[in-house]
Amino acid sequence: MSRESRTDLLASLGNEVRAQQNAVELVDEAACQLMGVNRTDGRCLDIIDQHGRITAGDLARESALSTGAVTAVLDRLEAAGHIARVRDDGDRRRVFVEVTPDTLARMHELYAPVVEHSAERLSTYTIDELVLLRNFVRMAKEITTEHAERLHVTLDATHAREGTVNRVRRTAREAQRDVKSAVGEVKRAAKEAKTEVKRAAKDAKIEVKTEIKRTVKGR
């Protein structure tokens, strides 16, 4: 049996990682539907669970969402009974959010089989192999996070360009409407002027005829 080349192994590894990510996405999508939350809310719920408790500001940084978006997420999760807002005992002005016990139990119920099966499979790995796997996952996370930040920069730039284009188009449409309105005003003014000229000419003609009649009669 021939040995795979390094290039082939790296390609195969990349494909396996992508396939695993898709599998995780399928699990998370199904779990979110069963819990009655959307994917963004589910992702934030997972981040809160990982930290135990977290502030809204820290959650915004961890999730790469705006503070306004995070506030909306937390309001939805709190209304659904998934999280609770609690004040810091040391600083009553500081507010944390944490997953409620019922939701923790539900999350454990949904994800426990994956955790248990993973533990069974990993029980055959040596300490060195587990360290290698941990370091690989950690490296993959760092690389993915860095790339996500780059994509968000590109996305922000794209939104900025689209905003500029939309503003230019809106300005052009407004200018077009203004020109059309101005042309209409000019046409109306020209029509009124033409009518006024005709009226003045008619009045002048009548006045001339009257003056001629008066002159002839005076003779």
(request) Keeping to region 24-76, report how many residues are farther than 18 Å from H152 by Cα and of a type in the set (S, T, Y). (result) 2
(request) Could you grab the pairs with beta carbons closer than 7 Å, sequence gap of 6+ or different chains, first residue in region 69-94 and among the hydroxyl-bearing types (S, T, Y), second one open to solvent by less than 80 Å² (accessible area, probe 1.4 Å)? (result) T71/A56
(message) For region 152-163, check the following and say yes or no: at least one residue is at pLDDT 85 or above and open to solvent by less than 70 Å² (accessible area, probe 1.4 Å).
(response) yes
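Yes/no matrix, rows are residues, columns are (1) at pLDDT 95 or above; (2) over 19 Å from D102 (Cβ atoms):
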| site | (1), (2) |
| --- | --- |
| Q33 | yes, no |
| V37 | yes, no |
| D41 | yes, no |
| C44 | yes, no |
| I48 | yes, no |
| R53 | no, no |
| L59 | yes, yes |
| T67 | no, yes |
| V70 | yes, yes |
(request) Residues being at negative phi and either in contact with a Phe, Trp or Tyr (Cβ under 9 Å, 6 or more places away or on another chain) or outside any helix (DSSP H, G or I) (or both): count how many of those fall in region 59-98. (result) 20
(request) Among the candidates L132, L122, single out the residue that is out of contact with any Gly (no Cβ under 8 Å at 6 or more places or on another chain), free of Cβ contacts under 8 Å to residues at least 60 places away in the same chain and surrounded by 12 or more Cβ atoms within 10 Å (Cβ to Cβ). (result) L132
(message) Among the residues in region 133-141, are any within 23 Å of the chain's Cα centre (by Cα) and either assigned to a helix (DSSP H, G or I) or among the β-branched types (V, I, T) (or both)?
(response) yes
(message) On the basis of being farther than 25 Å from V115 by Cβ, surrounded by fewer than 17 Cβ atoms within 10 Å (Cβ to Cβ) and either of a type in the set (G, A, S) or within 21 Å of the chain's Cα centre (by Cα) (or both), does T55 make the cut?
(response) no
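Residues of region 5-50 being in a helix (DSSP H, G or I), open to solvent by 40 Å² or more (accessible area, probe 1.4 Å) and among the small types (G, A, S), which ones?
Those that are in a helix (DSSP H, G or I), open to solvent by 40 Å² or more (accessible area, probe 1.4 Å) and among the small types (G, A, S): A11, S12, A19, A23, A30.
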(request) List every residue pair whose Cβ atoms sit under 7 Å apart, with the two residues 6 or more apart in sequence or on different chains, where the first one lies in region 9-22 and is under 13 Å from I143 (Cβ atoms) and the second, anywhere, is open to solvent by less than 100 Å² (accessible area, probe 1.4 Å) and part of a helix (DSSP H, G or I). (result) V17/A140
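The values are calculated or read from the model by the stated rules, or taken from the named source; none is laboratory data. Nothing here was measured: the structure is a model prediction, and the numbers come from that model. Note: ideal-geometry Cβ built from the backbone for every residue, glycine included; neighbour counts use all protein chains shown. These area figures cover heavy atoms from the full protein model, side chains too; ligands, DNA and RNA do not enter into them. Shrake-Rupley method; radii C 1.70, N 1.55, O 1.52, S 1.80 Å.
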